[in-house]
1. S233: hydroxyl-bearing (S, T, Y) and under 30 Å from D43 (Cβ atoms), yes or no?
2. Filter the range 10-42 for residues that are in a loop (DSSP other than H, G, I, E, B), at pLDDT 95 or above and among the hydroxyl-bearing types (S, T, Y) and give the result.
3. Could you please give the count of residues in the range 118-146 that are assigned to a helix (DSSP H, G or I) and exposed (fewer than 12 other Cβ atoms within 10 Å of the Cβ)?
4. Kindly evaluate R91 against the criterion of being open to solvent by 60 Å² or more (accessible area, probe 1.4 Å) and either in contact with a helix residue (DSSP H, G or I) (Cβ under 6 Å, 6 or more places away or on another chain) or at pLDDT 95 or above (or both).
5. Specify which of the listed residues (A58, A45, A65) is farther than 21 Å from V218 by Cα, in a helix (DSSP H, G or I) and of a type in the set (G, A, S).
6. Exactly one condition in (1) among the hydrophobic types (A, V, I, L, M, F, W, C); (2) open to solvent by 40 Å² or more (accessible area, probe 1.4 Å); (3) more than 17 Å from G106 (Cα to Cα) is false for I191; which is it?
7. Check whether at least one residue in the range 89-109 is touching a residue at least 12 places away in the same chain (Cβ under 8 Å), over 20 Å from P180 (Cβ atoms) and over 18 Å from the mean Cα position of the chain (by Cα), and report yes or no.
8. If a residue has to be crowded, with 16+ Cβ neighbours inside 10 Å and part of a helix (DSSP H, G or I) to count, how many in the range 214-235 make the cut?
Amino acid sequence: MTVVLIHGGGATGAFWDRLLPYLEEGEEVLAVDLPGRRSRPADLATLTVEAEVASVVADIEARGAGGSIVLVAHSSGGLVVPGVVAALGDRVRGIVLNAALVPAEGGCGIDCMQERHRDGLRLAVEAAARDGRAITLPPPADPEAARRAYGGDPLNDATLAFVLDPARSVEDTVHHYFQPVHWSAAAGVPITYVVNERDRPVRPEMQQVMVQRLPTPVEAIRLDAGHLLPVTSPAVFAEIVNRVAG
């Protein structure tokens, strides 16, 4: 069994570093870097979900993961999962999602955002296009604002430093939020969706809507956590991943 970890927006594969010690021995683990991160150069201004999918599949094949696979995705990493399932077929035996973006069939990641964020991003992209520019999302500029930005308990100093470390906190694409996603590709694959009940970036109400959009079979687990559950409570999240991969 290989557990493939797909990070969310503004992050890298190092997002999962606190989780790794809690994953069961015997599980192969692959924490991918999506394109535009660390050793994966890419043009963030034009990066597509299709290119992200191709990168993840290439990493899996390069690892030689020929057996069963469990895909684990956080936040916008959920946009990548259906394409990976379509590419790998019945090798994917399970999916674990945490506050992951799940548009309606054929919809886009931007549809999953809070209304004010969605409208603001659309206006910014339209204005940039009129000026012949493209925009990307920079890392957080104010550490103290980031301490409370994710919901849940405020991040302590060690966790804040972990999250904002340049190895994990990076510039990100906007373009992939405007790409269509087809979760029907995952029909029949057991999905566990972990809802963060005190999440600020992805409101719990929207997470529940997204659970309803998933193809069956789906299990929803609600936890008292902010957006960064795999960082703030890695043992709790690992228990779920280990159960699915077991």
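1. So S233 does not fit the description; no.
2. T12 - this is the single residue of the range 10-42 that is in a loop (DSSP other than H, G, I, E, B), at pLDDT 95 or above and among the hydroxyl-bearing types (S, T, Y).
3. Within the range 118-146, the subset assigned to a helix (DSSP H, G or I) is 118-130, 143-146.
Those left that are additionally exposed (fewer than 12 other Cβ atoms within 10 Å of the Cβ): 123, 126-127, 129-130, 144-145.
Summing the residues that are assigned to a helix (DSSP H, G or I) and exposed (fewer than 12 other Cβ atoms within 10 Å of the Cβ) in the range 118-146 gives 7.
4. Working: open to solvent by 60 Å² or more (accessible area, probe 1.4 Å): no; either in contact with a helix residue (DSSP H, G or I) (Cβ under 6 Å, 6 or more places away or on another chain) or at pLDDT 95 or above (or both): yes.
So R91 fails the test.
5. Of A58, A45, A65, the one residue that is farther than 21 Å from V218 by Cα, in a helix (DSSP H, G or I) and of a type in the set (G, A, S) is A58.
6. Every condition holds for I191 apart from (2).
7. Yes: one or more hits.
8. 5
The values are calculated or read from the model by the stated rules, or taken from the named source; none is laboratory data. Owing to the predicted nature of the structure, the values given are computational and were not obtained by experimental measurement. Don't worry about glycine lacking a Cβ; one is built from the backbone with ideal geometry, like all the others, and counts go over all protein chains shown. Note: areas computed on protein heavy atoms with side chains; ligands, DNA, RNA excluded. Shrake-Rupley method; radii C 1.70, N 1.55, O 1.52, S 1.80 Å.
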